[in-house]
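Novice: First, the structure itself, so that you have it in front of you.
The values are calculated or read from the model by the stated rules, or taken from the named source; none is laboratory data. Quantities reported herein were computed from a predicted structural model and do not represent experimental measurements. Please note: Cβ atoms are built from the backbone with ideal geometry, for glycine as well, and neighbour counts cover all protein chains shown. Remember, those area values only see protein heavy atoms, side chains included, never the ligands or the DNA or RNA. Shrake-Rupley method; radii C 1.70, N 1.55, O 1.52, S 1.80 Å.
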Amino acid sequence: QRRVMGTSLAVDGSHCSAMMKEDKGISNLVLGVIATTIIAATYFLTKPKKAKSKTATTDASEIDINSLSHDTEHLRSQGIDKNDAAEPLIQEAAVDEIAAVCQSEKSKGNKYFQAGRYDQAIECYTRAIQLSDADDKDRAAYFCNRAAAHMKKQQYQSVVDDCTTALLINKDYTKAYARRAEALENLGQYEDALKDFTAAVILSKLTDQELMAALDRVVKKLGTRKAKETLMNRPKRLPSNAFIVNYFNAFKAALGSADPSELDDLNTQLAANEHDAELLYKRALVNKALKRFQEADEDLTNCVHAANFADFAFAAQALTEYGSFMQLKTETEEAEKAFERAIDLNPQYTTAYVKQGVLYVEKLDFAKSLELFDKAMEISQTDPDVYVFRGQLHIMTGNLEAALKDLQQCIEICQSMPSAYIQLGLVYDKLGMPDKSKETFLTASTLFPNQADVMSYFAEMLVETNQVDEGLKKLDAAAEADSSNVFPLLHKAQVKLNLGDVQGAMDALEHVIQVDPACDTAYSQLAQIYMQLGRVDQAVRYFDKAIETLRTETELVDAFCCRETAIAQAQMAAMLNSRA
């Protein structure tokens, strides 16, 4: 859920299926690879039918070497003993007998293979290769079967070589693509492996579940590698302003308020004492309230490293703010250290526990997160942040009754937290209590008439009750009420998409990007739409934009998986079509 805890939380899912992500509050397309794309389907729609041969011969590629008996007595009955030496190469044979001899060598190789005698199997397949004519249609199978024996011996480059030769003979040999893909995967050549698995999946008409699983596996390996490389080479930075605002507004204190004139006075004081921890902290809070987040981040960093920080009365609060900014920059270890240090300085400061709990939610360590929320609850039973975030955690873990209790308690303590009403309305809806859900959103709309998030959720409720026009009007009003909040526009895009108005959805998402050029959700959704339209070049362009803005490794893995699979599908489908 992208808005739970005010952070961008990871969602695991298959990388080879089209997925939609829905949470009654915001429904957005999750990064996932669309296996059955228009691209892949094109091959089957356009590939010409091949005329069947009039000669009734066995297709060697259809013989499954793994289906043969392991029984040693059966091998002996076929004239093969475990101690048999390789038969000498036949020097002379009538032309009309060569094919039969090749098939015999292949059959013996299969039996050796099944008995685990891979060297002897390789010798048999090699003899079949040496004896076979270049026009022998079974020649590709000899190479592919020898590749299988090399695979068992972990001779992966030999597998690649043999499968490549097999594909030169039979360009549509599914098993050769799959076998070469597995060898390339073991060699760490994930991009090439992805292309081969993609070709195999296309040729199998997307019916082979093992191939689909292999494709999913290798694309995740490739995505993970690229994500790690990206994070390693990318400087840590703050996410978009919309993301930061969403994070802080999830807490009771929210962003706070300040007048720009306050900066002038603080700047004057800091000019005389630029390393004063208290002044730096005060200016950081003003900058945060004014949405000058980069400046706030710099002030907090300088504050916690100031020489007189140890004597600063609000050191725990400053460290907690600093930890929040470190979390936003995905400096997870530094954030955790800051929260721990804040708790050491002031063990009664519940906000430090809550924010550390939020950090562990982002790390998907729900048990540790719950432990921290419970500690905060022991310290204070009147802190609304504890109830709202623990309630959201209960929603994520499916404990809706506990979530209901916490959110109701939060509202009883504090009636000025829009997020509590929103989450409560969602819980009622999940519990099958639509009337209570509607009542909660109506109450929230009365208490916060111009709050964009409340208006957006209320609009979604209207849409779900078939009041689509009213819902869209409410979303437009929400966007107008807070032009810097992209949430209503993202809602609108999803509604338009659900209605089949693809262009309307795309227009709304482009509007999001104009408002917030760093909104990864908008780029990701546009990329998914272009994928479904078969416009791979545009999809890749928007995936690249999303990758530039995504924060966490999990999100980057998903984005790279989508991007790389889109490219592989387009390339392999085009290649197969071009020679059909």
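Novice: Could you identify the single residue in Q525, Q514 that is part of a helix (DSSP H, G or I), exposed (fewer than 15 other Cβ atoms within 10 Å of the Cβ) and not small (G, A, S)? Even if it seems obvious, please write down each step before you answer.
Specialist: Values: Q525 fails: exposed (fewer than 15 other Cβ atoms within 10 Å of the Cβ).
Checking each option against the conditions leaves just Q514.
Novice: Do you know which of the residues in region 402-416 that are of a type in the set (S, T, N, Q) and modelled with pLDDT of 95 or more is least open to solvent (accessible area, probe 1.4 Å)?
Specialist: Q409
Novice: Sticking with this one: Suppose the filter is open to solvent by 20 Å² or more (accessible area, probe 1.4 Å), of a type in the set (K, R) and either touching a Pro at 6+ places or on another chain (Cβ under 7 Å) or in a helix (DSSP H, G or I) (or both); does K368 pass it?
Specialist: yes
Novice: Does A459 qualify as being open to solvent by 10 Å² or more (accessible area, probe 1.4 Å), part of a helix (DSSP H, G or I), in contact with a His (Cβ under 8 Å, 6 or more places away or on another chain) and not hydroxyl-bearing (S, T, Y)?
Specialist: Considered against the rule, which asks whether it is open to solvent by 10 Å² or more (accessible area, probe 1.4 Å), part of a helix (DSSP H, G or I), in contact with a His (Cβ under 8 Å, 6 or more places away or on another chain) and not hydroxyl-bearing (S, T, Y), A459 comes out as no.
Novice: Do you know which of the residues in region 162-204 that are part of a helix (DSSP H, G or I) and among the aromatic types (F, W, Y) is nearest to Q130 (Cα to Cα)? Outline the logic, then answer.
Specialist: Going residue by residue through region 162-204, those that are part of a helix (DSSP H, G or I) are 162-169, 174-186, 190-203.
Going one step further and asking which of them are among the aromatic types (F, W, Y), we end up with 177, 190, 197.
Details: Y177: 23, Y190: 32, F197: 29 Å.
Ranking the qualifying residues of region 162-204, first place goes to Y177.
Novice: Restricting attention to region 540-553, and to residues there that are assigned to a helix (DSSP H, G or I) and touching a residue at least 40 places away in the same chain (Cβ under 8 Å), which single residue is nearest to A242 (Cα to Cα)?
Specialist: Among them, the one singled out is T549.
Novice: Report whether or not D537 is open to solvent by 30 Å² or more (accessible area, probe 1.4 Å), modelled with pLDDT of 90 or more, part of a helix (DSSP H, G or I) and farther than 23 Å from R234 by Cα.
Specialist: yes
Novice: Contact list please: Cβ distance under 7 Å, first residue in region 323-341 and on the phi < 0 side of the Ramachandran plot and without any contact (Cβ under 8 Å) to a residue 24 or more places away in the chain, second residue of a type in the set (D, E, K, R) and open to solvent by less than 40 Å² (accessible area, probe 1.4 Å), pairs at least six apart or on different chains.
Specialist: Close Cβ pairs (under 7 Å, with a partner that is of a type in the set (D, E, K, R) and open to solvent by less than 40 Å² (accessible area, probe 1.4 Å)) amount to F339/K355.
Novice: Next question, about the same structure. Any residue at all in region 429-438 that's open to solvent by less than 50 Å² (accessible area, probe 1.4 Å), touching a His at 6+ places or on another chain (Cβ under 9 Å) and closer than 16 Å to V454 by Cβ? Reasoning before the result, please.
Specialist: So the first thing to find is which residues in region 429-438 are open to solvent by less than 50 Å² (accessible area, probe 1.4 Å), and the list is 429, 437.
Cutting the leftovers down to touching a His at 6+ places or on another chain (Cβ under 9 Å) gives us none.
No, every residue in region 429-438 fails to be open to solvent by less than 50 Å² (accessible area, probe 1.4 Å), touching a His at 6+ places or on another chain (Cβ under 9 Å) and closer than 16 Å to V454 by Cβ.
Novice: Still on this structure, I have one more. With C519, C562 as the choices, which residue is open to solvent by less than 20 Å² (accessible area, probe 1.4 Å) and in contact with a Phe, Trp or Tyr (Cβ under 7 Å, 6 or more places away or on another chain)?
Specialist: C562
Novice: Looking at D265, D297, which is the one that is in contact (Cβ under 8 Å) with a residue 40 or more places away in the chain and in a helix (DSSP H, G or I)?
Specialist: So the residue among D265, D297 that is in contact (Cβ under 8 Å) with a residue 40 or more places away in the chain and in a helix (DSSP H, G or I) is D297.
Novice: In a loop (DSSP other than H, G, I, E, B) and buried (at least 18 other Cβ atoms within 10 Å of the Cβ) - does that describe any residue in region 376-395?
Specialist: yes
Novice: Take the residues in region 300-343 that are β-branched (V, I, T) and assigned to a helix (DSSP H, G or I); name whichever of them is nearest to L231 (Cα to Cα).
Specialist: T332
Novice: Would you point out which residue out of Y125, Y156 is touching a residue at least 12 places away in the same chain (Cβ under 8 Å) and open to solvent by 20 Å² or more (accessible area, probe 1.4 Å)?
Specialist: Matching residue, one of Y125, Y156: Y156.
Novice: Only residues that are of a type in the set (A, V, I, L, M, F, W, C) and either part of a loop (DSSP other than H, G, I, E, B) or within 22 Å of T301 (Cβ to Cβ) (or both): list them for region 236-262, please.
Specialist: The answer is L238, F243, I244, V245, F248, A250, F251, A253, A254, L255, A258.
Novice: Would it be correct to say that Y281 is surrounded by 17 or more Cβ atoms within 10 Å (Cβ to Cβ), hydroxyl-bearing (S, T, Y) and over 25 Å from E555 (Cβ atoms)?
Specialist: So Y281 passes the test.
A quick yes/no check of all residues on (1) of a type in the set (A, V, I, L, M, F, W, C); (2) farther than 30 Å from Q327 by Cβ:
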{"residue": "L489", "(1), (2)": "yes, no"}
{"residue": "K492", "(1), (2)": "no, no"}
{"residue": "V502", "(1), (2)": "yes, yes"}
{"residue": "I529", "(1), (2)": "yes, yes"}
{"residue": "D544", "(1), (2)": "no, no"}
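Novice: In region 494-511, which residues are in a helix (DSSP H, G or I), of a type outside the set (G, A, S) and surrounded by fewer than 18 Cβ atoms within 10 Å (Cβ to Cβ)?
Specialist: N498, V502, Q503, D507, E510, H511, listed by residue number.
Novice: Starting from residues that are surrounded by fewer than 22 Cβ atoms within 10 Å (Cβ to Cβ) and among the small types (G, A, S), keep the ones in region 472-486 and report whichever is nearest to S240 (Cα to Cα). Please lay out each step first, then the result.
Specialist: So in region 472-486, the residues surrounded by fewer than 22 Cβ atoms within 10 Å (Cβ to Cβ) come out as 472-473, 476-477, 480-484.
After this cut, where a residue has to be among the small types (G, A, S) as well, the list is 477, 481, 483-484.
Numbers: A477: 23, A481: 20, S483: 15, S484: 11 Å.
Among them, the one singled out is S484.
Novice: Could you grab the pairs with beta carbons closer than 9 Å, sequence gap of 6+ or different chains, first residue in region 269-290 and of a type in the set (S, T, Y), second one open to solvent by 70 Å² or more (accessible area, probe 1.4 Å)?
Specialist: Note: pairs meeting the criteria are Y281/F314.
Novice: Which pairs do you get when a residue that is closer than 20 Å to N186 by Cα, found in region 201-228, comes within reach of a residue that is open to solvent by less than 40 Å² (accessible area, probe 1.4 Å) and among the polar types (S, T, N, Q), reach meaning Cβ atoms under 7 angstrom, with the pair 6+ apart or on two chains?
Specialist: L211/S204; L215/T198; V219/T565
Novice: With respect to K355, determine if the residue is basic (K, R), touching a residue at least 12 places away in the same chain (Cβ under 8 Å) and not in a loop (DSSP other than H, G, I, E, B). Show your work before the answer.
Specialist: On the way: basic (K, R): yes; touching a residue at least 12 places away in the same chain (Cβ under 8 Å): yes; not in a loop (DSSP other than H, G, I, E, B): yes.
Yes: the conditions hold for K355.
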